[in-house]
Amino acid sequence: MKYVWYWEWNYKDMEKETALATKFAEAMEKNPEKFPKMGQSCHTGRGKGFRLIEAENEEQLMNLVGLWMPTENFKLVPYFYGSDLMAAAQSWS
């Protein structure tokens, strides 16, 4: 399933955030199958942004959320492409 991962963190937590970013990069490199596929980060303000991700299962989302929970406020919003919805709707009839 595809999601927009909105994130925000406090600049006062910069050291924690940097340490988690390093830990995240290492975890992704060692076990990429344990995390969602990641698009590029898009920054929308100071400590704010979003990223498009694609998860194959709930465990990948839990691993992502569990790692970043100590420093970030975030929201995962599912999204669909219009063509995917149209194809699904056609299969229902």
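Any read-out appearing in this document is the output of simple, stated calculations on the displayed coordinates, not a laboratory observation. Keep in mind that this is a model prediction, so the values were computed, not measured. Cβ sites come from the backbone with ideal geometry, for glycine too, and all protein chains shown count toward neighbours.
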Binned Cα-Cα distance frequencies in region 2-80 - 10 Å width, integer %:
18, 56, 25, 1
Got the relative contact order for region 2-80 handy, in percent, Cα pairs under 8 Å and 6 or more residues apart?
52 percent
Over its alpha-carbon atoms, region 44-93 yields an Rg and a Dmax in Å of 15.2, 47
Can you give the angle from 0 to 90° between the axis of helix 82-92 and the longest principal axis of the chain, with both taken from C-alpha atoms, to the nearest 10?
40 degrees
Under a straight-distance cross-link criterion of Cα-Cα below 13 Å, which aspartates and glutamates are reachable from Lys23, leaving out those fewer than 8 residues away in the same chain?
Glu15
Treat the count of other C-beta atoms within 10 Å as a stand-in for reagent exposure and order Thr71, Thr44 from fewest to most.
Thr44, Thr71
